[in-house]
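The values are calculated or read from the model by the stated rules, or taken from the named source; none is laboratory data. Predicted model only: the values in this text are computed from it and were never measured. Here Cβ is always computed from backbone atoms with ideal geometry, including for glycine, and neighbour counts include all displayed protein chains. The area values use the complete protein model at the heavy-atom level, side chains included, leaving out ligands, DNA and RNA. Shrake-Rupley method; radii C 1.70, N 1.55, O 1.52, S 1.80 Å.
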Amino acid sequence: MQTHIRNFSIIAHIDHGKSTLADRFLETTGAITAREFREQILDAMDLERERGITIKAHAVVIRYQASDGQGYVLNLIDTPGHVDFTYEVSRSLAACEGALLLVDATQGVEAQTIANAHLAFANRLRVIPVINKIDLPSADIEGVKHQIQEVLGLDVEDALLVSAKEGRGIREVLEAVVARIPPPAGDPEKPLKALVFDSWFDNYQGVIVLIRVVDGMIRPGMKIRAMSNKRAFEVTEVGVFSPKRTRTDGLSTGEVGYVCAGMREVADTKIGDTLTDAVRPTDSAFAGYKEVKPLVFCGLYSTDTARFEDLRDALQKLRLNDSSFVYEPETSLALGFGFRCGFLGLLHMEIIRERLEREYDLTLITTSPTVVYRVITTAGKELYIDNPSKLPSLSSIERLEEPVIETTIITPERFVGNILQLCQDRRGVQKGLQYLDPTRVMLTYELPLNEVILDFYDRLKSKTQGYASLDYELIGYRESDLVKLDILLNGETVDALSFITHRDRAQARGRQLAEKMKELIPKQMFEVAIQAAIGNKVIARETVGALKKNVTAKCYGGDITRKRKLWEKQKEGKKRMKQVGRVELPQEAFLALLKVTDD
Amino acid sequence: MILKISRVSMGVGLYIHVPFCRTRCHFCAFYLQIHREDRAEAYLQSLEREIHLHAARNTTGSRPLGTVYLGGGTPTTLTSEQLSNVLAWVRSYFGVEEDAELTLEAHPDTVTGEELERLAEAGFNRISFGLESMDDEELRRIGRSPDARRIHVAVQLAREAGFVNLNLDLIYGLPGQSLDSWRSTLDQTIALDPTHVSCYALTVEEGTRLHVDLVRGTANEPDPVLQNAMEDEAEDRLARGGYERYEISNYCRPGFPCRHNLRYWMNEDYLGLGPSAQSYVNGRRFGNVDDLAVYHDALESGRLPILQDEQLNSERQRREALVFGLRLTDGMDITTLGAGPRPADVERALTHLIDRGLVEEAAGRIRLTAVGRRFADSVAVELL
């Protein structure tokens with residue numbers, strides 16, 4: 001019954017206790033027994049568990065007997081918890097009528113809390129403030145309430161107080177979900193209209209799509225159509241996660257669940273797409289769908305050139321599961337055959353790279369990450385450059401533009417000076433500075449994306465002892481005085497190491513990078529000259545001295561035992577090296593750009 | 001060809017580690033304890049048990065011993081009577097070939113003429129003195145008694161006792177050592193007319209006093225450029241003195257290579273006894289625990305004190321044979337790598353090493369070039 005359905009999300013900053021709260025809901029309502037209980041069951045992937053973040057959204061149905069004596073179906077829709085996945089969050093929220101705004105009583109409101117709360121407001125969700133970790137001695141409940149009211153304009157009079165860890169206040173939250181979040185609207189008589197808010201690839205079933213039925217009903221055997229690309233499919237199975245996957249006869253208006261329809265890859269229906277009845281289609285798609293564009297690009301190469309095809313297969317398989325990353329073959333003079341890949345952000349890049357290495361047993365070289373630059377040529381053509389070595393010669397460039405983001409940073413007041421300095425160093429333009437309370441400040445900056453993707457987040461954390469939080473969104477392209485910086489090893493340009501930077505920053509970046517490369521390149525039997533150059537002009541030079549000898553003097557019984565172990569290890573290490581010209585480069589050298597620091 | 005042999009002997013080699021010294025030198029990372037009578041007695045008891053156990057299990061496959069080498073530590077911290085007993089056990093349990101090489105390592109300070117005579121009588125026919133340097137100041141800095149002249153006496157006593165085959169160990173790149181003082185050490189060593197000289201580049205090993213000094217910043221890492229010059233100097237002067245370089249760190253008068261040590265590089269079998277000693281028998285590498293207490297415990301309860309044990313497959317044996325064989329000046333016969341084509345990756349690595357001038361292949365043998373000798377470990381990593 002539509003009136004007894006509640007669809008909601010939990011929005012929270014990392015570590016504010018979202019997964020623990022979700023676990024408590026499942027326990028309290030008996031959806032899982034204690035024996036089945038695995039910590040943080042919604043984060044299914046190992047990688048997510050290890051990194052403590054949620055990458056893919058999931059949805060679980062909770063059957064709840066409320067204090068009014070009636071049974072309710074609560075659909076908890078989980079959201080990814082990182083700045084790289086904003087669009088996915090917004091689609092998950094679009095599938096809900098309400099959200100719990102979960103704030104850690106010891107930490108207060110963070111940048112991600114605000115960003116996600118704004119996404120909830122934009123989707124017209126009923127937002128219920130929930131203050132967690134009230135059991136901790138350092139909990140500042142009144143202070144946090146004040147922040148929520150001040151920053152988000154939410155009424156905190158009926159904010160809920162919980163300790164997810166200790167299981168306190170859980171029932172009250174569930175009661176509030178029933179009482180305060182409206183049931184889904186929508187017309188069961190209308191043609192099917194369902195919002196896709198997540199999908200993944202299953203080895204047995206093909207693509208599994210998570211949907212929220214907005215109007216009408218979906219049943220096995222039905223012919224449906226994805227409205228973005230007009231592709232048609234036949235529904236083979238529908239059901240819900242409770243949290244185990246459970247088949248149902250159908251999903252009707254307001255309900256949340258999964259659909260299998262013989263889709264072969266995730267790209268067949270992208271997140272935000274609308275599914276409808278192929279025979280009797282809806283007249284309008286669900287609003288807000290957009291093609292997600294990767295923001296960060298890099299080259300991926302196998303250290304073993306013979307494994308190019310294996311890398312292609314692995315990328316193909318991963319792409320089945322994640323349509324937000326893209327790849328196409330490219331060739332590097334230094335590295336041979338590989339792929340240019342695009343990601344939502346640096347974390348997304350690291351996740352994909354780690355999965356390729358771990359799940360497909362590959363050893364990869366990642367070239368310097370770059371954003372996508374816009375070039376207007378003298379001939380009036382517009383080009384998007386996702387590989388610095390493809391930048392046309394300066395004489396044919398009329399104008400160069402770089403992507404710019406708007407960043408929100410929340411920090412304790414005492415670190416504001418550090419952050420202003422950091423943002424200024426990174427060519428930031430201040431747009432706002434607001435005190436959330438006497439001790440916490442929200443800063444808004446416009447920053448070039450290429451100043452942020454590399455190490456901004458790490459720098460921010462180190463300059464604020466880990467206290468600052470950050471969120472950002474792309475706001476467009478802006479003309480900029482950019483140059484291409486090349487790295488030469490023994491006089492040969494290594495295309496995989498080229499990157500684009502602002503002219504004012506080029507000198508320092510070049511010097512830092514050359515220094516870092518010197519640290520990362522092991523001594524070889526010959527000298528290695530490292531140069532950073534803009535065009536023909538060398539702006540920095542470092543030399544890795546030659547190894548003079550590498551020989552075991554004594555090589556008898558005990559020495560043999562020790563050395564053969566050591567050599568074995570070194571041989572393994574060599575497999576992770578890439579030969580560029582005569583020079584052997586370790587994997588890390590290609591990411592040296594990520595490791596340079598300003599001070 | 002320098003060695004003129006393709007096999008040391010049909011028998012097996014035996015190494016016995018005597019884990020005692022009077023003091024520990026600053027460069028030494030070997031397993032040892034400071035010598036005490038009771039420790040020596042306990043050790044000899046366990047050693048006899050170990051010999052007995054190996055003989056009972058026929059580890060050496062009924063092959064007699066072609067070479068025996070007592071190293072350490074300082075074997076001559078034991079009395080000549082104790083050392084003669086050890087040799088007697090070895091003879092009775094394993095059997096020793098008639099022309100076997102029986103080497104004893106000795107400290108110039110720990111030998112008397114009488115003792116040396118008894119040792120020669122017992123059958124030891126090769127003696128190796130740890131000389132290290134002829135400069136008293138250099139000796140003092142590495143924790144040895146600053147009395148380089150003592151070696152003249154020791155060598156003379158050894159000769160009088162009947163030792164013809166005699167080695168002197170030298171180290172170059174010592175703290176404070178100059179190229180000139182190294183030349184002087186070399187010249188004085190040659191003047192003593194030994195049959196064999198070993199010249200080891202000083203390596204600062206973890207767990208040594210030198211390493212501690214290095215970490216503290218009171219000593220420097222040996223300068224590789226200086227060490228290379230010293231190596232060239234050694235090869236030159238020793239060649240002029242009639243010594244052939246037959247291995248990276250070893251020189252000998254024609255016909256006097258250390259036959260026991262050749263086993264390590266010629267892929268031949270050796271059994272190691274005593275704490276921390278390593279063995280290679282029938283493609284199996286195994287090693288003893290480097291702790292006297294554990295060594296005693298194991299043998300008292302009738303178990304061999306083996307800590308690690310690995311059977312190499314034939315491919316692995318071939319690769320290791322190649323890596324260690326390349327240390328010899330003559331390199332190795334290609335056919336000793338086994339019949340049939342070499343694995344593709346070894347072939348590729350060899351081609352690459354030859355292109356880079358580190359390895360050469362001629363007249364059916366592969367060997368390191370002069371440059372390759374300086375980078376033998378880099379070559380090993382490529383070929384393993």
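Things worth noting here:
- Residue ID - nearest to B:Arg126 (Cα to Cα), chosen from residues in the stretch B:74-98 that are without any contact (Cβ under 8 Å) to a residue 40 or more places away in the chain and among the acidic types (Asp, Glu): B:Glu98
- Members of the stretch A:431-455 that are over 26 Å from A:Val144 (Cβ atoms), out of contact with any helix residue (DSSP H, G or I) (no Cβ under 7 Å at 6 or more places or on another chain) and surrounded by fewer than 21 Cβ atoms within 10 Å (Cβ to Cβ): A:Glu446
- Given (1) at the interface with chain A (Cβ under 10 Å from one of its Cβ atoms); (2) touching a Phe, Trp or Tyr at 6+ places or on another chain (Cβ under 8 Å); (3) under 19 Å from B:Leu368 (Cα atoms), index of the condition B:Tyr251 fails: (1)
- Of the set (1) in contact with a strand residue (DSSP E or B) (Cβ under 9 Å, 6 or more places away or on another chain); (2) of a type outside the set (Phe, Trp, Tyr); (3) in a helix (DSSP H, G or I); (4) farther than 25 Å from B:Thr369 by Cβ, all apply to A:Lys578 but (3).
- Top-ranked residue of the stretch A:514-534 - restricted to ones that are of a type in the set (Lys, Arg) and outside any loop (DSSP other than H, G, I, E, B), ranked as farthest from the other protein chains (Cβ to nearest Cβ): A:Lys516
- Matching residues, the stretch A:147-169, being over 18 Å from A:His118 (Cβ atoms) and surrounded by fewer than 17 Cβ atoms within 10 Å (Cβ to Cβ): A:Glu157, A:Asp158, A:Lys165, A:Glu166, A:Gly167, A:Arg168
- Residue that is in contact with a helix residue (DSSP H, G or I) (Cβ under 6 Å, 6 or more places away or on another chain) and at positive phi, where the choices are B:Gly302, B:Gly364: B:Gly364
- Selected residue [of a type in the set (Lys, Arg) and either under 27 Å from A:Cys423 (Cβ atoms) or modelled with pLDDT of 95 or more (or both)] from A:Arg374, A:Arg358: A:Arg374
- Residues of the stretch A:268-325 satisfying the condition of being farther than 16 Å from A:Ile224 by Cβ and among the aliphatic types (A, V, I, L, M): A:Ile271, A:Ala287, A:Val292, A:Leu295, A:Val296, A:Leu300, A:Ala306, A:Leu311, A:Ala314, A:Leu315, A:Leu318, A:Leu320
- Odd one out for A:Leu585, checked against (1) more than 11 Å from chain B (Cβ to nearest Cβ); (2) without any contact (Cβ under 8 Å) to a residue 60 or more places away in the chain; (3) crowded, with 18+ Cβ neighbours inside 10 Å: (2)
- When A:Pro129, A:Pro220, A:Pro191 are screened for being modelled with pLDDT of 95 or more and within 31 Å of the chain's Cα centre (by Cα), only A:Pro129 passes.
- Residues of the stretch A:57-71 that are in contact with a helix residue (DSSP H, G or I) (Cβ under 8 Å, 6 or more places away or on another chain) and surrounded by fewer than 20 Cβ atoms within 10 Å (Cβ to Cβ): A:Ala66, A:Ser67, A:Asp68, A:Gln70, A:Gly71.
Every residue, every condition in (1) within 11 Å of another protein chain (Cβ to nearest Cβ); (2) under 22 Å from B:Leu368 (Cα atoms); (3) of a type in the set (Lys, Arg), yes or no:
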{"residue": "B:Arg183", "(1), (2), (3)": "no, no, yes"}
{"residue": "B:Leu192", "(1), (2), (3)": "no, no, no"}
{"residue": "B:Glu233", "(1), (2), (3)": "no, yes, no"}
{"residue": "B:Asn261", "(1), (2), (3)": "yes, yes, no"}
{"residue": "B:Leu271", "(1), (2), (3)": "yes, no, no"}
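- Lone unmet requirement of (1) open to solvent by 40 Å² or more (accessible area, probe 1.4 Å); (2) outside any helix (DSSP H, G or I) for A:Gln570: (2)
- Matching residues, the stretch A:327-352, being out of contact with any helix residue (DSSP H, G or I) (no Cβ under 8 Å at 6 or more places or on another chain), open to solvent by less than 50 Å² (accessible area, probe 1.4 Å) and either within 21 Å of A:Lys575 (Cβ to Cβ) or part of a strand (DSSP E or B) (or both): A:Glu330, A:Arg340, A:Gly342
- For the stretch B:353-367, the set of residues classified as surrounded by fewer than 17 Cβ atoms within 10 Å (Cβ to Cβ) and not β-branched (Val, Ile, Thr) consists of B:Asp355, B:Gly357, B:Glu360, B:Glu361, B:Ala362, B:Ala363, B:Gly364, listed by residue number.
- Residues of the stretch B:321-357 that are of a type in the set (Gly, Ala, Ser), modelled with pLDDT of 85 or more and under 27 Å from the mean Cα position of the chain (by Cα): B:Ala321, B:Gly325, B:Gly331.
- For the stretch B:224-247, a residue qualifies if it is out of contact with any strand residue (DSSP E or B) (no Cβ under 7 Å at 6 or more places or on another chain) and either over 18 Å from B:Glu132 (Cβ atoms) or of a type in the set (S, T, N, Q) (or both), and the qualifying residues are B:Pro224, B:Val225, B:Asn228, B:Ala229, B:Asp232, B:Asp236, B:Ala239, B:Arg240, B:Gly241, B:Gly242.
- Test result for A:Ala120, surrounded by 19 or more Cβ atoms within 10 Å (Cβ to Cβ), modelled with pLDDT under 90, in contact with a strand residue (DSSP E or B) (Cβ under 6 Å, 6 or more places away or on another chain) and not in a strand (DSSP E or B): no
- Filter pass, A:Leu210 being touching a residue at least 40 places away in the same chain (Cβ under 8 Å), closer than 23 Å to A:Phe121 by Cα and in contact with a His (Cβ under 9 Å, 6 or more places away or on another chain): yes
- Strands (runs of 3 or more DSSP E) enclosed by the stretch A:176-245 - at least 3 residues per element that are within 28 Å of A:Phe325 (Cβ to Cβ) and of a type in the set (Val, Ile, Thr): A:206-215
- Test: B:Ser198 is of a type in the set (S, T, N, Q), within 14 Å of chain A (Cβ to nearest Cβ), touching an Asp or Glu at 6+ places or on another chain (Cβ under 7 Å) and open to solvent by less than 10 Å² (accessible area, probe 1.4 Å): yes
- Residue list for the stretch A:456-465, filter: surrounded by fewer than 22 Cβ atoms within 10 Å (Cβ to Cβ) and touching a Leu at 6+ places or on another chain (Cβ under 7 Å): A:Tyr457, A:Arg459, A:Lys463
- Counted residues, the stretch A:536-552 - those being more than 7 Å from every other protein chain (Cβ to nearest Cβ), under 30 Å from B:Arg374 (Cα atoms), outside any strand (DSSP E or B) and open to solvent by 40 Å² or more (accessible area, probe 1.4 Å): 1
- Candidates B:Val379, B:Val371, filtered to the one that is within 12 Å of another protein chain (Cβ to nearest Cβ), outside any strand (DSSP E or B), open to solvent by 60 Å² or more (accessible area, probe 1.4 Å) and closer than 20 Å to A:Lys548 by Cα: B:Val371
- Being over 20 Å from A:Ser368 (Cβ atoms) and crowded, with 20+ Cβ neighbours inside 10 Å holds for only one residue in A:Leu470, A:Leu497, A:Leu482, A:Leu474, and it is A:Leu470.
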